[in-house]
Structures are given as C-alpha cells and as structure tokens.
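What follows is a single structure, written as structure tokens, with notes after it.
The values are calculated or read from the model by the stated rules, or taken from the named source; none is laboratory data. Just so you know, these numbers come straight off a predicted model, no measurement behind them. Don't worry about glycine lacking a Cβ; one is built from the backbone with ideal geometry, like all the others, and counts go over all protein chains shown.
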Amino acid sequence: MFSWTLGRLFGIPLRIHWTFWLLPFWVILSQGTLFSWSIAAFHVGLVLAMFVCVVLHELGHALAARALGVRTRDIALYPIGGVASLERIPEKPSEEFAIAVAGPAVNVAIAAMLFLGLQLGSLFVPGLLTENIAGAFLWMLMLLNVGMVLFNLVPAFPLDGGRMFRAFLAWPLGHLRATRVAAWVGTVLAIAGGLFGVFYLQNPFLLLIAFFVFSAAQQELLAVEYRARARRMFPFMDMPLTEVAQPEVSPTPFPQDGPSATRGTTVWTWDEENQHWRRQGA
Ligand code: ZN
C-alpha cells in the first residue's frame, strides 16, 4: 500500500514505501538545524548510499532463494530497512540458513571492498582517510555496512540472525518447536531492544524496529502453528500434485496416526518430529 515501484532488479520489482521518504526528511531536520546544511547533505547522501547497500543485501536473499527454487514477490524499502518478500520460506534448515546468510554476506563483501579500496586509495591520495570528504563518506559507509552485519546477526527472529538461529534449532527440534523457541527469543529481544532504545538511546528507530520484529515474530509463529495444525487435518496439503492426481495412490481422507491409515498399498504416517505426513510403501 502506498508504495512506488522504482523498477526491476533481476526481474524482481523494487518498491519504495511512502514512509521511506520520512527518513531523509528526518535526517535533514535533525542535522540541518543543529549543524549546517552541508553536514545534512552529507548525511542524506550517506543514508541513500546505505539504502543502495540495503537493496543489495535483499538481492542477496532473493538470489539465494532463486537458486533454491523460491521466487521473490518484491523487495520493499521502509525507513527501518528492506524486506524481500519470498513466496515461501523453505522448511529445510540448510535452505533457510543459506537464504538468511546470503544477505549479511553481501554487506561483508561491500565492507571488505570499501576497506581495501580505501587502504589502496590512501597510497595514491594523501590524506584520503584523514581530511578528504569522499574518504570520510566511504569510511562511514563501510562502518554502516559492518553495523548492518552485526545487527543482522542478533538472533531476533525473524531477522536474519534469528532465521539462522531457527535453522540451527530445527536440526534437533524440528521446524515447529524450533519456530516456537526462536519466535519467543525474538519477542523477548525485541521488547528488551525497544525499552533500551526508548529509555537509554532515546532513538525512535530502535522502537520501530522492535515493534516490527515483535509483530513479525508473532505473525510467523501463528502461521507455522496454523500450517502444522492444517497438515494434521488435511494430509493432502503435503502431497505433490502429481501424486494426488495418480488414481492408484488414494490415502484415506481422515488418516489416523500410526500405520493403520491405509488404503490400497500406500501408508501415510504422521511424523511428529518434522510435522508432516510421510508416505510409506508403494
Ligand atoms: Zn536480511
């Protein structure tokens, strides 16, 4: 809603939510009145450059997802960051981990390139790192990328670090229980971060991010709980369409737990650990 499509990257629409423009506006107001307009311009430029890095970060997620066969509906920019809307999140831990880690990996690469570029550049441009405005700009951009990596590694589900955390938990616990633990850890971290932002840093953005993490964690937990319940009731959900279409494979519409849920030669059993129906037999 109220977003503007900027264009397409690798076929993925890039949208900017209207609230995004509050960010440069806020930077100008807070910096321009306190210091000078040139400092404000420097910071607005930095914010815009940072958002180019945010787009590249989201593109990292989207292209990793594409490699695993998951489509991305769009990449949207908000004042607190970007969101790549994947059509689904793979339940396989290794796949979720690969998609989550691809975003911060992009920022590691950007920071490393800026750092090396500045070190190399300072050999040719004296004072690049100490008294050069372009050098200062690129140095700050590098620090912002490092900050973005650190922030994204916080295990606050559903931020990237939280997704990696859930992927780790899913190995021993299974998808549903891992989501429960990760979502509650994410919720506690969001509340703690929000309180820290308000009372210690007096930073409204941390509160916004905390609210976003809190509601996103609870929403995704609800979705996973709902899907787990639906799967129990409607085993057809997990079946590939080609199998459903095959007339000789006809599981009962209301299978029971255990191997008694049979008809013909196919046995469907409820896998409590992984929360899906498993087909055994022919
Ligand atoms: Zn990310």
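What the table shows:
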read-out: Extreme residue, farthest from Pro13 (Cα to Cα), among residues of the range 85-102 that are of a type outside the set (S, T, N, Q) and touching a strand residue (DSSP E or B) at 6+ places or on another chain (Cβ under 9 Å); value: Glu91
read-out: Test: residue in the range 233-255 that is among the hydroxyl-bearing types (Ser, Thr, Tyr) and at pLDDT 85 or above; value: no
read-out: Pick from the range 17-71, criterion of a type in the set (Val, Ile, Thr) and touching a helix residue (DSSP H, G or I) at 6+ places or on another chain (Cβ under 7 Å), ranking: nearest to the ligand (Cβ to nearest atom); value: Val47
read-out: Selection count where residues are over 26 Å from Pro93 (Cβ atoms) and among the basic types (Lys, Arg), scope the range 177-198; value: 0
read-out: From Phe168, Phe205, residue being modelled with pLDDT of 90 or more and not charged (D, E, K, R); value: Phe168
read-out: Which numbered condition Ala178 fails, given (1) hydrophobic (A, V, I, L, M, F, W, C); (2) at pLDDT 85 or above; (3) surrounded by fewer than 17 Cβ atoms within 10 Å (Cβ to Cβ); value: (3)
read-out: Checking Ala49 against (1) modelled with pLDDT of 90 or more; (2) buried (at least 17 other Cβ atoms within 10 Å of the Cβ), the condition it does not meet; value: (2)
read-out: Of all residues making up the range 61-83, the number that are over 15 Å from Arg8 (Cα atoms), part of a helix (DSSP H, G or I) and within 13 Å of the chain's Cα centre (by Cα); value: 3
read-out: Enumeration of residues in the range 52-73 that are surrounded by fewer than 18 Cβ atoms within 10 Å (Cβ to Cβ), charged (D, E, K, R) and under 14 Å from Val106 (Cβ atoms); value: none
read-out: Neighbours by Cβ (under 8 Å, 6+ apart or cross-chain): first from the range 4-21, farther than 14 Å from Glu58 by Cβ; second among the hydrophobic types (A, V, I, L, M, F, W, C) and not in a strand (DSSP E or B); value: Trp4/Trp18; Trp18/Phe2
read-out: Output for the range 31-60, where each listed residue is under 25 Å from Leu114 (Cβ atoms), free of Cβ contacts under 8 Å to residues at least 24 places away in the same chain and not aliphatic (A, V, I, L, M); value: Gln31, Phe35, Ser38, His43
read-out: Lone qualifier among Ala109, Ala136, Ala105 - being surrounded by fewer than 19 Cβ atoms within 10 Å (Cβ to Cβ), away from the ligand (no atom under 16 Å from the Cβ) and among the small types (Gly, Ala, Ser); value: Ala136
read-out: Residue tally, condition away from the ligand (no atom under 16 Å from the Cβ) and either hydroxyl-bearing (Ser, Thr, Tyr) or modelled with pLDDT under 85 (or both), over the range 89-101; value: 2
read-out: Failed item, numbered, when Val70 is tested on (1) within 30 Å of Arg227 (Cα to Cα); (2) among the aliphatic types (A, V, I, L, M); (3) in contact (Cβ under 8 Å) with a residue 60 or more places away in the chain; value: (3)
read-out: Residue in the range 83-90 that is buried (at least 19 other Cβ atoms within 10 Å of the Cβ) and of a type in the set (D, E, K, R) present; value: no
